[in-house]
Amino acid sequence: MKEDFITGKLPETVTIDGKEYPIRYDFRIGMQFERIQHSGTDDRDRVIRLLQIYYPAIPANVTEAINQMLWFYRCGEPEEEDEEAKKKRQRYQRRNSRDPAFSFAQDAPYIYAAFKEQYGIDLTGADLHWWKFMALFESLNEETKMSRIMYYRKANTSGLPKERRAFLNEMKKLYQITDLSATGKKMTLEARNRKWMEYVRTRQMEAGMVK
């Protein structure tokens, strides 16, 4: 996230072709991204749906609107993660693992309970910017059940005592993520972003989606 996260104003607009466009910044919109991405509709329908929920008025330059939407969803992080971002993500994801640590859709009750427990925030009525929500989510302490569930999903059982390994494997099975993408494969946030950018690059070559 940007260095002026605290001292600056969190973005409520994006700049496209030199013009400011309002973007819906409520955390609930960001959480819908995953659900739409995992829907069974084709890429074009998913892109249109995402543009509709993010923009009160969809910009004419649709390609750049998609780029800016993904930038906003990534909380201002560059498309390619730098070393600092990778280190921050390692709390929930081993370097060589492709399995996700969480699903906003499946884990909603645990996320709600964690925010209520740690921050005293009732997400059902909260007014939270997406970037603020993600900063709090990524800072959940190890005492919350949501953090423990993410640990179970990502824990490496290699070399552990038999009883500990059996326990972790049982927890992995109990809390396994069942939300699948349209291709039937689990996708990390990084993989989803990469898939979207590949789609954007394809659309740039098609006159129907480009200004």
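The values are calculated or read from the model by the stated rules, or taken from the named source; none is laboratory data. Bear in mind the structure is a predicted one, so any value in this text is a computation, not a measurement. Because the Cβ atoms are built from the backbone with ideal geometry, glycine has one as well, and the counts that use them run over all protein chains shown. We work out accessible area using only protein heavy atoms, side chains counted, and drop any ligands, DNA or RNA first. Shrake-Rupley method; radii C 1.70, N 1.55, O 1.52, S 1.80 Å.
Per-residue answers, yes or no, for (1) free of Cβ contacts under 8 Å to residues at least 12 places away in the same chain; (2) farther than 21 Å from G30 by Cβ; (3) part of a loop (DSSP other than H, G, I, E, B); (4) of a type in the set (D, E, K, R):
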site	(1), (2), (3), (4)
P100	no, no, yes, no
A113	no, no, no, no
Q118	no, no, no, no
T124	no, no, yes, no
L160	yes, yes, yes, no
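Within the range 152-170, can you find the residues that are of a type in the set (G, A, S) and either within 24 Å of Y110 (Cβ to Cβ) or in contact with a Ser or Thr (Cβ under 9 Å, 6 or more places away or on another chain) (or both)?
Residues satisfying the conditions are A155, A166.
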Any pair with Cβ under 8 angstrom, 6 or more apart, that starts in the range 134-152 at a residue that is within 23 Å of C75 (Cα to Cα) and open to solvent by 30 Å² or more (accessible area, probe 1.4 Å) and ends at one that is among the aliphatic types (A, V, I, L, M) and modelled with pLDDT of 95 or more: L136/I121; L136/L128
Extreme residue, farthest from the chain's Cα centre (by Cα), among residues of the range 153-177 that are within 21 Å of H38 (Cβ to Cβ) and surrounded by 13 or more Cβ atoms within 10 Å (Cβ to Cβ): K172
Matching residues in the range 52-69 - criterion: being part of a helix (DSSP H, G or I) and without any contact (Cβ under 8 Å) to a residue 12 or more places away in the chain: Q52
Qualifying positions in the range 75-96 - modelled with pLDDT under 60 and open to solvent by less than 20 Å² (accessible area, probe 1.4 Å): A85
Answer from F72, F104 - the residue that is in a loop (DSSP other than H, G, I, E, B) and either at pLDDT 85 or above or open to solvent by less than 40 Å² (accessible area, probe 1.4 Å) (or both): F104
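Yes/no per residue for (1) open to solvent by 50 Å² or more (accessible area, probe 1.4 Å); (2) of a type in the set (A, V, I, L, M):
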residue	(1), (2)
D17	yes, no
P22	yes, no
D26	no, no
R35	yes, no
S39	no, no
D42	yes, no
R46	no, no
L50	no, yes
Y54	no, no
